[in-house]
1. Just the residues that are in a loop (DSSP other than H, G, I, E, B) and surrounded by fewer than 16 Cβ atoms within 10 Å (Cβ to Cβ), please, taken from the stretch 13-43.
2. State the number of residues belonging to the stretch 310-320 that are within 19 Å of the chain's Cα centre (by Cα) and surrounded by fewer than 16 Cβ atoms within 10 Å (Cβ to Cβ).
3. What number of residues within the stretch 363-391 satisfy the criterion of being out of contact with any Lys or Arg (no Cβ under 6 Å at 6 or more places or on another chain), surrounded by 11 or more Cβ atoms within 10 Å (Cβ to Cβ) and part of a helix (DSSP H, G or I)?
4. From the list N81, N64, which one is over 13 Å from the mean Cα position of the chain (by Cα), open to solvent by 20 Å² or more (accessible area, probe 1.4 Å) and within 20 Å of L17 (Cβ to Cβ)?
5. F331 passes all but one of (1) open to solvent by 50 Å² or more (accessible area, probe 1.4 Å); (2) of a type in the set (A, V, I, L, M, F, W, C); (3) at pLDDT 85 or above; which number fails?
Amino acid sequence: MQNQFKAFSLSYKSAPLSVREQVALNEGESKNFALMLKDLFGIQESLIVSTCNRTEIYYISDKNYSGDIIKSLLIQKGITNTEDYLSYFEIFQSQEEAVKHLFEVATGLHSKVVGDLQIPNQIKHAYQWSADIDMAGPFLHRLMHTIFFANKKVAQETSFRDGAASVSYATVALTEELTQKMTQPKVLIIGLGEIGADVCKNLADKEFADITITNRTRAKSDKIAAGHNFRVADFENLEEEIAKADVIISSVMMDKPVITKELVSKMEVLTFKYFIDLSVPRSVEDTLEDLPGVLVYNIDTLRQRADEALQQRLRAIPHVKEIIAEAITGFDDWSKEMVVSPTINKLKNALEQIRKEELSRHLKGMSTEESEKIEKITMGIVQKFLKLPVIQLKAACKRGEAEQLVDVLNELFDLEKITVESHGH
């Protein structure tokens, strides 16, 4: 009964982006694949987590199907040379390893940016998808709620979620800081390379500003803006866009600055204009700050902020691991108790059967009041009789000795025979 929860993972630690892209699953694909696992392998509970950094499948089965599921996944994604891809996957053979890995992923310990806030939400979505198609049972429900509770504790008791620990997060945090006294400030993002696109991704769910994006190739702007509340501007109108914006985030790859002192001096700066330069070499001339009301922040400032936040998060890791370990211990106790719950139910049923049979022989001729009283007394006796075996069984679970006790109880009360007979009636 033990060791049923299994998992495998393909992540940025083991596979390049080109491979991760091929294997990634969207919501519809995740749900279909989970249902396929049910048909092919009889799997009743599964969780499929797929993000840009990882694709992981967790499932419950008394057999180890990980190798077969990986091959099925690759074939489903149109990859026929499956052998070439197997080395990218990490397989967790035991329940203990799989549970620990899911806790650590869900908390952000394995994220590219340690403590990443996006991952708890992505795990919640994955769980919701499992629930939608009835692929989440008692084990997964209990496990996920234990994880959510541990996550809450991490947020409340540690600094693991504090600060912006990557340059793009730090850029968004700085932008919010600079514009907190403005109503609907205008933010312009110039250049949509890796870092510019990352800033857009981190700004996507924020609503504190009007965001305009521009890139030398318009198609890239349109692609990033799709599904978001971003306005797209033509690169030719750069001067006009800079003049309108309160915060300008630039990550353009050019040999010489795109935003010069000469260019900005022609503009009317009524309050403040902030320039955040994420380019190397720099795309904003550093002499810009000579102009009244103009402030420039460069990549070094942002890196320093991100590094400080990262160090703070790293210092919190031992505490985070303690919280996880404590949560896993509680979950393990519960999952071990799950093993004995059928025996407890059989024992309850056996005693209930004896009680009812005896009562039916003696209740004839009694008044309703008397029979109700006897019913109540006998039920109380059964409850008291059950109390100690249940406590002992649960204690034996924690010691890992439950199977022995289960066998003894089955033999003493002939539970198998009683259950068979009760089904036969």
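1. Across the stretch 13-43, the qualifying residues are K13, S14, P16, N26, G42.
2. Within the stretch 310-320, residues that are within 19 Å of the chain's Cα centre (by Cα) and surrounded by fewer than 16 Cβ atoms within 10 Å (Cβ to Cβ) number 1.
3. The total comes to 13.
4. On inspection, the qualifying residue turns out to be N81.
5. Of the numbered conditions (1) open to solvent by 50 Å² or more (accessible area, probe 1.4 Å); (2) of a type in the set (A, V, I, L, M, F, W, C); (3) at pLDDT 85 or above, the odd one out for F331 is (1).
Yes/no matrix, rows are residues, columns are (1) among the β-branched types (V, I, T); (2) in contact with a strand residue (DSSP E or B) (Cβ under 9 Å, 6 or more places away or on another chain):
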residue: D68; (1), (2): no, no
residue: L74; (1), (2): no, no
residue: I79; (1), (2): yes, no
residue: F89; (1), (2): no, yes
residue: Q93; (1), (2): no, yes
residue: H101; (1), (2): no, yes
residue: L117; (1), (2): no, no
residue: K124; (1), (2): no, no
residue: S168; (1), (2): no, no
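One line per residue, one yes/no per condition, for (1) within 22 Å of F41 (Cα to Cα); (2) in contact (Cβ under 8 Å) with a residue 24 or more places away in the chain; (3) among the β-branched types (V, I, T); (4) in a helix (DSSP H, G or I):
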residue	(1), (2), (3), (4)
D68	yes, yes, no, yes
S72	yes, yes, no, yes
I79	yes, yes, yes, no
E104	no, yes, no, yes
V114	no, yes, yes, no
Q122	no, yes, no, yes
H125	no, yes, no, yes
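Yes or no, residue by residue, for (1) among the small types (G, A, S); (2) within 28 Å of D162 (Cβ to Cβ); (3) buried (at least 19 other Cβ atoms within 10 Å of the Cβ):
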position	(1), (2), (3)
T212	no, no, yes
D222	no, no, no
S251	yes, yes, yes
D255	no, no, no
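The values are calculated or read from the model by the stated rules, or taken from the named source; none is laboratory data. On a predicted model such as this, the values are computed, not experimentally measured, just so you know. All Cβ positions, even for glycine, are placed from backbone atoms using ideal geometry, and neighbour counts span all protein chains on display. Heavy atoms of the whole protein, side chains included, go into the accessibility calculation; ligands, DNA and RNA do not. Shrake-Rupley method; radii C 1.70, N 1.55, O 1.52, S 1.80 Å.
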